[in-house]
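Here's the structure we're looking at; comments come further down.
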Amino acid sequence: MKFLITILFFVSYFGFSQTQFTHDVYFDTDKYIVPLTEENRLLLFISSLDSIPVEKVSIYGFTDDRGSNEYNLQLSQNRADAIKEMFSGYGIDPNLITNVNGKGEILLKVLHEDEVHQIRGLNRKVEIIVTKKINKKQIENSIEENVDVDDGLKEKTTNDIKKGTIKKGDKIRLDKIYFKTSYSYVTSDSRKTLEELAKIMVDNKNIYFTIQGHVCCTQNSRDAVDKKTRKRNLSVARAKYIYDYLARKGVDKKRMKYVGLRRKFPLGGEPKFDRRVEILITYVGKSE
């Protein structure tokens, strides 16, 4: 079962067409709570959308062939709703999610009796279809395409924003914003830097950006556990903390996205430097 899911994951994750990106999330029998392993896979998929202008997201829930039609329809809808909630929680604009439908059961089609358990497991799923925005001039609720999150991007500072020398693809590491160990809120000596960042972003309304959260001290590039919520999504929570702060200070949410990058890009120094956020510039329009 795990082998089949792994194969399907790589097919869905890397087999993108030019206009659509797909991903499947698998559920336990009679459950609509997303298993932790599937949540981690979903986070990786959402992270991969960071450089793509999204037109819409469609979410379709399914069940296996056991249970009544009425029960299966409700269960499949609950599964679709659970994925919608997670997409919104990870920074995807809910307005982009245009379809959230429970489709009920998938009929069992097997050639051998020993395949029944595996096939039913693959039928307990939610299918996600992300459609790419084609018109590059329409940037609201999206970001410009073809920006790799860590492909030789040049690091800049907030002074470059002030000077007007910032451009799409630049990355700003906020060196003086540090987070409390295992939590998503910043230390007291980070407040001044946050205030300065908010003022700069409010003043420069032509800049669109993604807030990238990072963690330290985990194995195999895993995310860390947020001690406040007990969820393994600390890098996401840290990025959302900055997102919410900037929104409260007046930065338009349409200009911002946030994503957790777990421990994919450690800096190799003291652990406190990996408990960080970075700003990826995704679009720079004409100054007003």
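The values are calculated or read from the model by the stated rules, or taken from the named source; none is laboratory data. This is a predicted model, so every value here is computed, not measured. Ideal geometry is used to build each Cβ from the backbone, glycine not excepted, and the neighbour counts take in all protein chains shown. Note: accessible area is taken over every heavy atom of the protein model, side chains too, but ligands, DNA and RNA are not part of it. Shrake-Rupley method; radii C 1.70, N 1.55, O 1.52, S 1.80 Å.
Observations
- For the range 187-254, the relative contact order comes to 33 percent (Cα pairs under 8 Å, sequence separation of at least 6).
- Here the Karplus curve 6.51 cos²θ - 1.76 cosθ + 1.60, taken at θ = phi - 60°, turns the phi angles of the range 90-102 into couplings of 9, x, 7, 4, x, 5, 7, 8, 9, 10, 9, 10, x Hz, with x standing for Gly and Pro.
- Measuring with a 1.4 angstrom probe and ignoring ligands and nucleic acids, Lys84 comes out at about 80 Å² accessible.
- Count of lysine pairs in the range 174-230 with Cα separation under 29 Å (8 or more residues apart, or interchain): 13
- Ordered by 1.4 Å accessible area with all protein chains kept, Thr29, Thr37 run largest first as Thr37, Thr29.
- Formal net charge of residues neighbouring Ser68 (Cβ-Cβ distance under 14 Å; K, R +1; D, E -1): -4
- Above 13 Å, the calculated P(r) of the range 217-288 contains 70 percent of its Cα-Cα pairs.
- Ligands, DNA and RNA are left out, and with a 1.4 angstrom probe the accessible area of the range 66-136 is 56 Å² per residue.
- The residue among Ile207, Leu174, Thr218 whose Cα reaches farthest toward the positive pole of the charge dipole of the range 156-222, with charges on the beta-carbon of Lys, Arg, Asp and Glu, is Ile207.
- The residues of the range 156-204 expose, per residue, 55 Å² of accessible area to a 1.4 Å probe.
- Rounded percent of accessible protein surface that carbon and sulfur make up, the range 176-288, 1.4 Å probe: 45
- Projecting the alpha carbon convex hull of the range 156-288 along each direction and taking the average yields 7.7 nm².
- The range 17-104 - percent of accessible surface contributed by carbon and sulfur, probe 1.4 Å: 48
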